[in-house]
Amino acid sequence: MLSLKPDDRLPAIQELDRLATLDDVWKDDLGGFLNLRAIASLLYRDHSDPAVDEAQSRMWQLALHLEEGAPERTARALEQARDALRQALDAEKRGEKIDPPRSTAA
């Protein structure tokens, strides 16, 4: 939208605002969230042509950040699961009663 009609920025700004409400995406990524909000603010406040180029460049960087950050978040979650399992197995060896994990499926 922004590339085809750079002077009509409102739809792009609204979409960026909508993306900012996706809590699951941003809960562990304050830097990405702030960059997204800065892009929307840039488009809202700066009506010059170079602002569109800057916003598009920052959106590309944000997309790369999100893509590259996903494996890191997955690795961190896997490590946390391994630690929890290790702790449960150690507790079981000590004779402690272990409660089965709760299902997260709905």
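From largest accessible area down, sort Met1, Met59; use a 1.4 Å probe on the protein chains. Before the final figure, lay out each step's value.
Numbers: Met1 130, Met59 60 Å².
The most accessible residue leads, giving Met1, Met59.
Under the 0.36 nm per residue contour assumption, what length would be gained going from the current alpha-carbon distance of Leu89 and Gln56 to full extension? Display every interim value, and only then the final one.
Details: separation 33, 0.36 × 33 = 11.88 nm, distance 4.96 nm.
Residue separation times 0.36 nm, minus the Cα-Cα distance, leaves 6.9 nm.
Counting helices only, and only those DSSP H runs with n ≥ 4, report the 222 nm mean residue ellipticity of the chain as the sum of -39,500 (n - 2.57) divided by its residues, in deg cm²/dmol to the nearest 500. Present the calculation step by step, with values, prior to reporting the outcome.
Details: 4 runs with 76 residues, N = 106.
That comes out to -24500 deg cm²/dmol.
Assuming 0.36 nm per residue, please report the length gained on full extension of the stretch Ala81 to His47 beyond their Cα-Cα distance. Display every interim value, and only then the final one.
Working: separation 34, 0.36 × 34 = 12.24 nm, distance 4.77 nm.
Between Ala81 and His47, full extension yields 7.5 nm more.
For the chain, what does the accessible surface come to per residue with a 1.4 Å probe? Please give it in Å². Mind dumping the intermediate values first?
Numbers: 8290 Å² over 106 residues.
Ligands and nucleic acids excluded, the result is 78 Å² per residue.
With every protein chain left in place, what is the accessible area of His65 in Å² (1.4 Å probe, nearest 10)?
Approximately 80 Å² for this residue.
Specify, per residue and in Å³, the volume enclosed by the convex hull of the alpha carbon atoms belonging to region 23-78.
On the way: hull volume 3.4 nm³, N = 56.
In region 23-78, the Cα convex hull volume per residue is 60 Å³.
Ignoring any ligand, DNA or RNA, what whole percent of the accessible area of the chain comes from carbon and sulfur when the probe is 1.4 angstrom?
Working: 4570 of 8290 Å².
Roughly 55 percent of what the probe reaches on the chain is carbon or sulfur.
Using the Kirkwood formula over every pair of different C-alpha atoms, what hydrodynamic radius in Å results for the chain? Intermediate results must be reported in sequence, preceding the final value.
Working: mean 1/r = 0.0591 Å⁻¹.
After inverting the mean inverse Cα-Cα distance, the result is 16.9 Å.
Which loop-located trypsin sites (Lys or Arg not before Pro) does region 1-102 contain, where loop means any DSSP state but H, G, I, E or B and the Cβ has at most 14 other Cβ atoms within 10 Å? Mind dumping the intermediate values first?
Numbers: sites: Arg9, Arg18, Lys27, Arg37, Arg45, Arg58, Arg73, Arg76, Arg82, Arg86, Lys93, Arg94, Lys97, Arg102; in loops: Arg9, Lys27, Arg94, Lys97, Arg102.
Those satisfying the criteria are Lys27, Arg94, Lys97, Arg102.
The values are calculated or read from the model by the stated rules, or taken from the named source; none is laboratory data. All values reported here derive from a predicted model rather than from experimental measurement. Here the Cβ is made from the backbone with ideal geometry for all residues, glycine too, and neighbour counts use every protein chain on show. Heavy atoms of the whole protein, side chains included, go into the accessibility calculation; ligands, DNA and RNA do not. Shrake-Rupley method; radii C 1.70, N 1.55, O 1.52, S 1.80 Å.
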